[in-house]
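The values are calculated or read from the model by the stated rules, or taken from the named source; none is laboratory data. Fair warning: this is a prediction, and the values are worked out from it, not measured in the lab. Here Cβ is always computed from backbone atoms with ideal geometry, including for glycine, and neighbour counts include all displayed protein chains.
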Ligand SMILES: *[C@@H]1O[C@H](CO)[C@@H](O)[C@H](O)[C@H]1NC(C)=O
């Protein structure tokens, strides 16, 4: 996407201190900015780029954008694909590439071909991202014994997850070099560990996205809402 783009900001109005859901108030910024500049602009106004969580939000947002010059253009919203944000299957714990321990191979994780969102451990202890449908053995984690178990039958990541959860606790979680060393001591061929990622899972304001409304070409939603591929 080029320089184009108008944007929608979001500001949450909270009613009192109770756990009422915030009422979203959208406002439309009649300027052309990059996604990053748009995000910054909204944040400077104490809001963030718009989140859209349901059909009502979409309608509300569409109503807020009438009467402007750039009415037919795409607009930015806050959805983006943060490729550094991963999860451990155990406890759904957050993992951030660059901040948390990892022995990634070369330029991995690179989410090659938009499909590599599961993690394998090589026989030399190096991590690689790969399609979750590849077939590998698995390293499971047993919480009671606090140890790792190597399972050698070839499985998809999803099958491996199911296997580890039904026989032990979960797929392996690896938080430091000592734990990576324990896995390596099992002498694994390439094997699954519990690290995985859901693409397009979060909004600019940090909230999780559950509502998706992609157009066929998967670059914009049906209402011409523009989203960003990567920061
Ligand atoms: C991998 O990404 C796809 C979408 O591209 C998603 O449906 C799937 O749940 C993800 N898998 C995991 C294990 O996170």
What is the number of the single condition among (1) within 15 Å of the ligand (Cβ to nearest atom); (2) at negative phi; (3) surrounded by 13 or more Cβ atoms within 10 Å (Cβ to Cβ) that residue 133 does not meet?
-> (3)
Every pair of residues 6+ apart whose Cβ atoms lie under 7 Å, when the first sits in segment 174-200 and is free of Cβ contacts under 8 Å to residues at least 40 places away in the same chain while the second is away from the ligand (no atom under 16 Å from the Cβ) | 182/148
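Kindly state which strands (runs of 3 or more DSSP E) lie completely within segment 18-112 and contain at least 3 residues that are at pLDDT below 85.
Values: elements: 23-29, 75-80, 85-88, 94-96.
So the answer is 23-29.
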Members of segment 79-110 that are touching a helix residue (DSSP H, G or I) at 6+ places or on another chain (Cβ under 8 Å) and either away from the ligand (no atom under 13 Å from the Cβ) or more than 11 Å from residue 173 (Cα to Cα) (or both) | 80, 101, 103
Which of the residues spanning segment 202-215 are within 16 Å of the ligand (Cβ to nearest atom) and either in the same structural domain as residue 112 (by TED's automatic domain parsing) or not in a loop (DSSP other than H, G, I, E, B) (or both)?
-> 202, 208, 214
Qualifying residue in segment 122-129 (condition: within 13 Å of the ligand (Cβ to nearest atom) and at positive phi) | no
Could we say that residue 91 is under 22 Å from residue 138 (Cα atoms) and surrounded by fewer than 21 Cβ atoms within 10 Å (Cβ to Cβ) here?
-> yes
For segment 186-199, what are the residues that are surrounded by fewer than 16 Cβ atoms within 10 Å (Cβ to Cβ) and either in a strand (DSSP E or B) or within 12 Å of the ligand (Cβ to nearest atom) (or both)?
-> 198, 199
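Taking the residues in segment 152-173 that are more than 16 Å from the ligand (Cβ to nearest atom) and free of Cβ contacts under 8 Å to residues at least 24 places away in the same chain as candidates, determine which candidate is surrounded by the most Cβ atoms within 10 Å (Cβ to Cβ).
Restricting to residues being more than 16 Å from the ligand (Cβ to nearest atom) and free of Cβ contacts under 8 Å to residues at least 24 places away in the same chain, the top hit is 154.
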Requiring at least 3 residues that are within 18 Å of residue 93 (Cβ to Cβ), the strands (runs of 3 or more DSSP E) wholly within segment 122-173 are 136-142
